[in-house]
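Data block below; observations after.
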Amino acid sequence: MRRKARQATKAENRPRFWGRHAVAAALANPERDVVRIWATREAAASLDFGSIPVTYSDVADLGRMVPRDAPHQGVVAEVERLDDILLADLLDRAEDKRPLVVLDQVTDPHNVGAILRSAAAFGALGLVTQDRHAPPESGALAKAASGALETVPWVRVVNLARALEDMAGAGFWRIGLTGSADTTLAEALGPPRVALVLGAEGEGMRQNTESHCDALARLPISGIESLNVSNAAAIALYAASVAG
């Protein structure tokens, strides 16, 4: 009875991904265990499910399996969460001109998904967040990431300040983005290994996080007070990719 209860709880905690990009990326990731799939016959014709069990469903049935108005595009997958990645292992793969993205208590899954997508586009080494103050893997996050959840390493740490110290030990120049800084991001960039640190919208980075940055910098924007954190991350990643 206890084993069955544990298995039931595990199944309840499995995320469901939807949308063809998110599901196709999960299928293509050898590190991802896709447990089962529901799909329309039309969507199934464009995807290779291999030996994964498939339940053919109509659009209305799929719509009841995902949040209201979620664009499932005819396919829903139940998946296991990816295994944890150690920061030390990620830092061992560090290369010049491949920035790290560090998020300080950014909890919105759409923002984190969009940041993962930008990280993939600009060749970032990976994403680092706190374990308890970041969204879990979910359908909304996977849809916003458009496949990048499967390709960009995501490290969850207990102590972000200690993680920033480890990044410095690996040769990363840590730049915290804040609108109150006097220095622009272009002026702060320089060393070939950069960690871009962004805080939550509204509150920004916590003081302890700022104190573990080598420089604080702002984006040179005008006419508005600030940008959405995912937009700011995309601009910062582009700037880092063309610097030097």
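Taking the range 117-151, which residues are outside any helix (DSSP H, G or I), out of contact with any strand residue (DSSP E or B) (no Cβ under 6 Å at 6 or more places or on another chain) and aliphatic (A, V, I, L, M)? Of everything in the range 117-151, just one residue is outside any helix (DSSP H, G or I), out of contact with any strand residue (DSSP E or B) (no Cβ under 6 Å at 6 or more places or on another chain) and aliphatic (A, V, I, L, M), namely Ala134. For beta carbons closer than 8 Å, sequence separation of 6+ or different chains, a first residue in the range 192-208 that is under 12 Å from Leu164 (Cβ atoms) and a second that is surrounded by 16 or more Cβ atoms within 10 Å (Cβ to Cβ) and of a type in the set (Ser, Thr, Tyr), the qualifying pairs are Val197/Thr209; Met205/Thr178. Every listed requirement among (1) over 16 Å from Trp154 (Cβ atoms); (2) free of Cβ contacts under 8 Å to residues at least 24 places away in the same chain is met by Ala44 save one, (2). Restricting attention to the range 225-244, the residues being out of contact with any Leu (no Cβ under 7 Å at 6 or more places or on another chain), β-branched (Val, Ile, Thr) and more than 12 Å from Phe122 (Cα to Cα) number 0.
The residue that is modelled with the lowest pLDDT, counting only those in the range 1-40 that are over 22 Å from the mean Cα position of the chain (by Cα) and of a type in the set (A, V, I, L, M), is Ala5.
Out of Val34, Val106, I need the residue that is β-branched (Val, Ile, Thr) and farther than 30 Å from Thr209 by Cβ. Which one? So the residue among Val34, Val106 that is β-branched (Val, Ile, Thr) and farther than 30 Å from Thr209 by Cβ is Val34.
Just one of the listed residues (Ser146, Ser138) is on the phi > 0 side of the Ramachandran plot, touching a residue at least 24 places away in the same chain (Cβ under 8 Å) and either assigned by TED's automatic domain parsing to the domain that holds Leu27 or under 17 Å from the mean Cα position of the chain (by Cα) (or both), and it is Ser146. The residues of the range 15-38 that are assigned to a loop (DSSP other than H, G, I, E, B) and in contact with a Lys or Arg (Cβ under 6 Å, 6 or more places away or on another chain) amount to a single one, Gly19.
Conditions tested, residue by residue: (1) of a type outside the set (A, V, I, L, M); (2) exposed (fewer than 13 other Cβ atoms within 10 Å of the Cβ); (3) outside the structural domain of Asp131 (by TED's automatic domain parsing).
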{"residue": "Val152", "(1), (2), (3)": "no, no, no"}
{"residue": "Asn159", "(1), (2), (3)": "yes, yes, no"}
{"residue": "Arg174", "(1), (2), (3)": "yes, no, no"}
{"residue": "Val194", "(1), (2), (3)": "no, no, no"}
{"residue": "Gly202", "(1), (2), (3)": "yes, yes, no"}
{"residue": "Asp214", "(1), (2), (3)": "yes, no, no"}
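Which helices (runs of 4 or more DSSP H) sit wholly inside the range 156-214 and have at least 1 residues that are aliphatic (A, V, I, L, M) and touching a strand residue (DSSP E or B) at 6+ places or on another chain (Cβ under 6 Å)? Write out each step before concluding.
On the way: elements: 160-169, 185-188, 207-211.
Answer list for the range 156-214: 160-169, 185-188.
Scanning the range 125-150 for residues that are surrounded by fewer than 23 Cβ atoms within 10 Å (Cβ to Cβ), within 18 Å of Asp84 (Cβ to Cβ) and polar (S, T, N, Q) yields a count of 2.
The values are calculated or read from the model by the stated rules, or taken from the named source; none is laboratory data. The model shown is predicted, which means the values in this text are computed figures rather than measured ones. A quick note on method: Cβ atoms are made from the backbone with ideal geometry, for glycine too, and the neighbour counts reach across all protein chains shown.
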